[in-house]
1. Of all accessible surface on the range 132-184 at a 1.4 Å probe, what whole percent is carbon and sulfur?
2. Could you tell me how many cubic angstrom of Cα convex hull volume the range 69-187 has per residue?
3. For the chain, what is the mean residue ellipticity at 222 nm derived from helices alone (per DSSP H run of n ≥ 4: -39500 (n - 2.57); sum divided by total residues; nearest 500 deg cm²/dmol)?
4. Which value, in debye to the nearest 20, describes the size of the charge dipole of the range 44-156 about its Cα centre when Lys and Arg Cβ atoms bear +1, Asp and Glu Cβ atoms bear -1, and nothing else is charged?
5. When the expected Rg is taken as 2.2 N^0.38 Å, what fraction or multiple of it is the alpha-carbon Rg of the range 14-61?
6. Could you pull out the longest piece of the chain with no exposed loop chymotrypsin sites (Phe, Trp or Tyr not before Pro) in it, calling a site exposed if DSSP puts it outside H, G, I, E, B and it has at most 10 other Cβ atoms within 10 Å?
7. What whole-number value in Å² describes the accessible area per residue of the range 90-187 for a 1.4 Å probe?
8. Please work out how many pairs of lysine residues in the range 89-187 are eight or more positions apart (or on different chains) and have Cα atoms closer than 17 angstrom.
Amino acid sequence: DCFIPLCLIFSAELECDAFSKEKTLHRFLRNVNSQVLVVQPDLNMAAFEDVTDQEMKSGSGMNFCMHCYKTTTPSAGMPVAFSVQVEDKSYYMCCEEEHGKMIVRFREGEVPKDIPGESNIIFFKKTFTSYSSKAFKFEYSLERGMFLAFEEEDSLRKLILKKLPREDEVDETTKITLTCLNERYNL
């Protein structure tokens, strides 16, 4: 027997999203200041920090797995999810509502191989500008116009979700480059 999944689209407003993991890349996430995103689950925090090469080699809390998914609706950008190892535990990035505001959280657990519908762990990877192929912005899949970004708070550059009025707006706080261990900077 041959089973073919059926996805019905009733109107232009109702789309059937389904995600299937295609590949996983190991990357460091850097902001516009070349700082590396570091996750500290015990403090319930993720912030961009200056780190040494030695600290990067340990990779704890900063060497992310970017899980790339195939999707039934490819026009929005490449769907990705992020996870990171801290000591011997794995944490995945997700978005949750707290006090009426969407925030970025890291929860203990693994990223699923298949996601049958909408998910609070999926972000759409988009090029930051048309002329910069090495920099990206990541739009939250459940809320158009909300992007991963950083904001300064108590001398920290914390990872947040930020609403942009227009998708084509160039906001340096949403600019993220993906680097491997031996790459110091990307354009």
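The values are calculated or read from the model by the stated rules, or taken from the named source; none is laboratory data. What you are looking at is a predicted structure, and each value in this text was computed from that prediction instead of being measured. Backbone-built Cβ (ideal geometry, glycine too); neighbour counts: all protein chains shown. Side chains are part of the model used for accessible areas, which takes the heavy atoms of the whole protein and leaves out ligands, DNA and RNA. Shrake-Rupley method; radii C 1.70, N 1.55, O 1.52, S 1.80 Å.
1. Roughly 47 percent, rounded to a whole number.
2. Cα-based convex hull of the range 69-187, divided per residue, equals 152 Å³.
3. That comes out to -500 deg cm²/dmol.
4. Using only the charged Cβ atoms, the result is roughly 740 debye.
5. My calculation over the Cα atoms of the range 14-61 gives 1.57.
6. Between exposed loop sites, the widest span is 11-130.
7. 56 Å²
8. Number of lysine pairs found: 21.
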